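Following: one structure in structure tokens, then a few remarks.
Taken together, the values in this text are just the output of simple stated rules run on the coordinates, not laboratory data. This structure is a prediction, so every number in the text was calculated from the model and none was measured. We place every Cβ from the backbone using ideal geometry, glycine too, and count neighbours over all the protein chains shown.
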Amino acid sequence: MATVFRRARMQFFCFVTLAATVFATSCTPAQEPPSLVGSRPLWSLTGATGWLNSKPLTANDLKGKVVLVDFWTYSCINCLRSMPYVEAWAEKYKTSGLVVIGVHSPEFGFEQQLPNVQKALRKYGIGFPVALDSRMAIWNGFHNEFWPADYFIDASGKVRYEHFGEGDYPREEQWIQKLLRERGATAMPGGTVDAQGEGAEAATDLTRIESPETYIGYARAQRFASHGGIAPDATRLYALPKHLWQNEWGLSGKWADRGQFAVLEAPGGSIAFRFHARDLHLVLGPAADGKPIRFRVLLDGAAPGNDHGADIDAAGNGVVRSYRLYQLIRQRGGAKKDRTFTIEFEDPGVQAFAFTFG
């Protein structure tokens, strides 16, 4: 039976069906899943494929502790923007009886690879225990459907509160405090955290985003505007359309689309997207042999200047060295109008997975 899961987004949830390694999607208005409140799902931690920053933890090890289980995956922009709060809670309440466990449940194949997850933990300074959920066993044990998803579990092992997606951090922290007080914590820190993330982790104004997460792999691709459409599992020479409407995108050059991603087969290829958001991110990977890929970003046909993201310079230059989310545009004045983003690759072999916005 296929596993159904969803990824939290600013305007909707994406319902994603996994069958073997092929994905399909449809985006509909957000609907809450059946509540897990009152259940005791910590037994599923035994399904982890590995642990980072900790020895393996079980429900028995956590007996008598207040536990926050945070489902995330390292290329998810919503997860990254939530992470400064999760990290701050882990540090603030570690002596009061709170255990934070990050469950890394991968969306893309490269997120199953241990070195990639280890590199992400170093990049984002994540020091709390992380369970590797490469077979989605913990995900299924919690009947989870979202990234990010937080489950607040009391000292008896029972889920008392759950939260899906970004935001509402004060209420989440108040639940941590409530469960710790019930456990008998007396010298607990007061107030609530105001975490200030940087780069891709910085908070965004969700009300000004008009562009949704957009996949480049044909299995979940939408609003593709290059003439002739995407050729699944085949190499094809693409050309950009003369005009892109809002949230349309296209390819130029020799690309092979392989379901989860598209790979550039010859130098000089590009991707363009007409977007409306403060930030634009693109999940990218280097060539199959690990060779870095040089690229240049244009905004409305010119160098981005002060509107460059953390992973490029003002001239738009950058390099893909690893599989991760790259922040390419951060408009200093915010999202005021539709803009045309173009990324030109000097070298062949780049793997392009998905656009996300902030």
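Segment 54-137 gives an Rg/Rh value of 0.95, both radii derived from C-alpha positions and Rh following Kirkwood.
Computed from backbone phi with θ = phi - 60° and the Karplus coefficients 6.51, -1.76 and 1.60, the 3J(HN,Hα) list for segment 344-358 is 10, 9, 7, 10, x, x, 4, 10, 10, 10, 6, 8, 9, 9, x Hz; x is used for glycine and proline. Ranking GLY333, GLY228, GLY259 by Cα position along the charge dipole of segment 209-357, where only Lys, Arg, Asp and Glu carry charges on their C-beta atoms, puts GLY333 farthest toward the positive end. Computed about its Cα centre, the charge dipole of the chain is approximately 240 debye, with only Lys, Arg, Asp and Glu carrying charge at their Cβ.
Taking trypsin sites (Lys or Arg not before Pro) as exposed when their DSSP state is a loop state and no more than 10 other Cβ atoms lie within 10 Å, the longest site-free interval of the chain runs over 1-241. Amide H to amide H distances under 5 Å link ALA266 with LYS254, GLY349, where only residues 5 or more positions off or on other chains count and H is placed in the peptide plane.
The angle separating the long axis of helix 114-124 from the principal Cα axis of greatest extent in the chain is about 80 degrees. Separation of segment 276-329 from segment 53-86 is 29 Å, based on Cα centroids.
Computed over neighbours whose Cβ is under 10 Å from that of ASN247, the net charge equals -1, Lys and Arg +1, Asp and Glu -1. Among TRP249, TRP255, TRP43, TRP175, the order by Cβ neighbours within 10 angstrom, fewest to most, reads TRP43, TRP175, TRP249, TRP255. For the chain, give the share of DSSP beta bridges that are antiparallel, in percent and rounded to the nearest 5; count only bridges with both residues there. Antiparallel bridges make up about 85 percent of those DSSP assigns within the chain.
Taking amide H atoms as placed 1.01 Å from N in the peptide plane, the amide H of GLY309 lies under 5 Å from those of ILE329, ARG330, each 5 or more residues away in sequence or on another chain. So what is the relative contact order for the chain, in percent, with contacts set as C-alpha pairs under 8 Å and at least six apart? Answer for the chain is 16 percent. Here the average projected area of the convex hull drawn through the C-alpha atoms of the chain stands at 17.3 nm².
At 222 nm, what helix-only mean residue ellipticity would the chain give, in deg cm²/dmol to the nearest 500, using -39500 (n - 2.57) for each DSSP H run of four or more? Walk me through the numbers before you get to the answer.
Details: 4 runs with 47 residues, N = 358.
Taken over the chain, the calculation gives -4000 deg cm²/dmol.
Applying the Karplus relation 6.51 cos²θ - 1.76 cosθ + 1.60 with θ = phi - 60° to segment 212-217 yields 3J(HN,Hα) values of x, 3, 9, 8, 9, x Hz, where x marks Gly and Pro.
Whole angstrom only: what separates the Cα centroid of segment 192-230 from the Cα centroid of segment 162-188? Result: 29 Å between the Cα centres. In order along segment 54-59, phi translates into HN-Hα couplings of 6, 5, x, 10, 10, 4 Hz, rounded to whole numbers, per the Karplus curve 6.51 cos²θ - 1.76 cosθ + 1.60 with θ = phi - 60° and x for Gly and Pro. Would you work out if segment 209-357 is rounded, prolate or oblate? Take a ≥ b ≥ c from the square roots of the eigenvalues of the alpha-carbon gyration tensor; rounded if a/c is under 1.5, else prolate when a/b is larger than b/c, oblate otherwise. Oblate, because a/c is 1.5 or more while a/b does not exceed b/c.
For segment 118-246, the relative contact order works out to 11 percent when only alpha carbon pairs closer than 8 Å and six or more residues apart are counted.
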